[in-house]
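This report refers to the structure that appears directly beneath it.
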Amino acid sequence: MNNGEIIAWQRETKARELIKKMENRGFTAHYAVNSEMARKLVLDLLPVVGSIALLGSQTMNQIGVYEQLRQSGRSLVDHATQTKPDSNPEEALNYKRGIFHAAAMLASANAVDSEGRLYNIDGIGNRVAGMIFGPDSVILAIGLNKLTATPQEAWRRIRQIASPLNNKRLGLPNPCIRSGRCHDCQTLSSICNYFTIIDRSKPEKRIKIVLIGEDLGY
Ligand code: SF4
C-alpha cells in the first residue's frame, strides 16, 4: 500500500465504524471515498417526484450536487439562485419557508461526534428546523473533516471553526472575521443563534447521511 492508500484505509475504517453507530440512531448512512461517488449517492437518494430544497452547504456545492440539480429542470427551493435581488425581507423569509413543503432537503452538518450525533449552528433556524421537522427526506453530505472525538470538541468546532469561516465567506461585520475565532458577539448580524444536536432520526431513516472521505465544507 502507498501512503495515499493507507490514509484512505484509515478514513474508510473510521467511517464504517461511525456508520454502524449512526444506523443504531435511526439514520441511514453511506460512505463515499470521494466527491464523485458522493454526488452519485446523494442524487440516487432523492425522491423521484416533488421539489428539492437546497440549503446552504459548501459541501453540496463542492461535490457538484447543487450545480447538477440546477441544470436538471427539477422543481427546487433554492434560496441562493431563486430569490429575486429586490425581494423584501418578508418575501425572502416566505420563500425560505418553502422548504417545509419540499419532498426532500439537502444540506450538511457542522460537526459529528464519534458516537454519530449531528451538531449544527444556524442564523435564522431554517436549516436546522428543516432537518428536525421539515421534509420527509433529509439528505446530508458530510466530509470526515467534521468528525470530532467528543461532544465537547463538536461544540467547539461549530463555534470556533464553522462559524468564523461562514462569517468570512458571507463578508459579515462580526468580530470573528478579524481574529478567526468566536467572541460570542451578541450582535444583530450574528449568524450564531440556534445551536442544535440531533441524537436520532425520527421517523427512522428519514435522515440520510453520506459520509465522504475528503475534507469538505466548514
Ligand atoms: S457569535 Fe459572533 S463572533 Fe462568534 S462566530 Fe458567531 S458571529 Fe462570529
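The values are calculated or read from the model by the stated rules, or taken from the named source; none is laboratory data. Note that the coordinates shown come from a computational prediction; the quantities given were computed from them, not determined experimentally. Heads up, the Cβs are rebuilt from the backbone with ideal geometry, glycines too, and the neighbour counts pull from every protein chain shown.
Look at ASN110 and say whether it is closer than 29 Å to LEU93 by Cα, within 14 Å of the chain's Cα centre (by Cα) and of a type in the set (S, T, N, Q).
yes
May I ask you to verify whether LYS14 is under 15 Å from LEU147 (Cβ atoms), among the basic types (Lys, Arg) and surrounded by fewer than 19 Cβ atoms within 10 Å (Cβ to Cβ)?
When the stated conditions are applied, LYS14 passes them.
Go through the stretch 18-38 and give me each residue that's part of a loop (DSSP other than H, G, I, E, B) and under 14 Å from VAL112 (Cβ atoms).
ARG25, PHE27
Restricting to the stretch 123-133, name every residue that is assigned to a helix (DSSP H, G or I) and either among the small types (Gly, Ala, Ser) or touching a residue at least 40 places away in the same chain (Cβ under 8 Å) (or both).
ASN126, ARG127, VAL128, ALA129, GLY130, MET131, ILE132
Do we have LEU118 as touching a Lys or Arg at 6+ places or on another chain (Cβ under 7 Å) and not basic (Lys, Arg) here?
Here the answer is no, as LEU118 does not meet what is asked.
Can you list the strands (runs of 3 or more DSSP E) found entirely within the stretch 134-218 that contain at least 2 residues being within 16 Å of the ligand (Cβ to nearest atom) and hydroxyl-bearing (Ser, Thr, Tyr)?
So the answer is 194-198.
So if I check each of ALA149, ALA103, which one is at pLDDT 95 or above, out of contact with any Leu (no Cβ under 6 Å at 6 or more places or on another chain) and within 26 Å of ALA8 (Cβ to Cβ)?
Within the list ALA149, ALA103, the selection yields ALA149.
Here is a check on your reading of the model: is SER137 at pLDDT below 95 and either among the small types (Gly, Ala, Ser) or buried (at least 16 other Cβ atoms within 10 Å of the Cβ) (or both)?
So SER137 does not fit the description; no.
Quick one: how many residues across the stretch 103-137 are farther than 30 Å from ILE7 by Cβ and of a type outside the set (D, E, K, R)?
16
Does any residue of the stretch 52-69 turn out to be modelled with pLDDT under 95 and more than 19 Å from THR148 (Cα to Cα)?
Yes, that holds for at least one residue.
Can you tell me which residue among LEU43, LEU106, LEU69, LEU76 is closer than 25 Å to SER163 by Cα and either aliphatic (A, V, I, L, M) or surrounded by fewer than 17 Cβ atoms within 10 Å (Cβ to Cβ) (or both)?
LEU106
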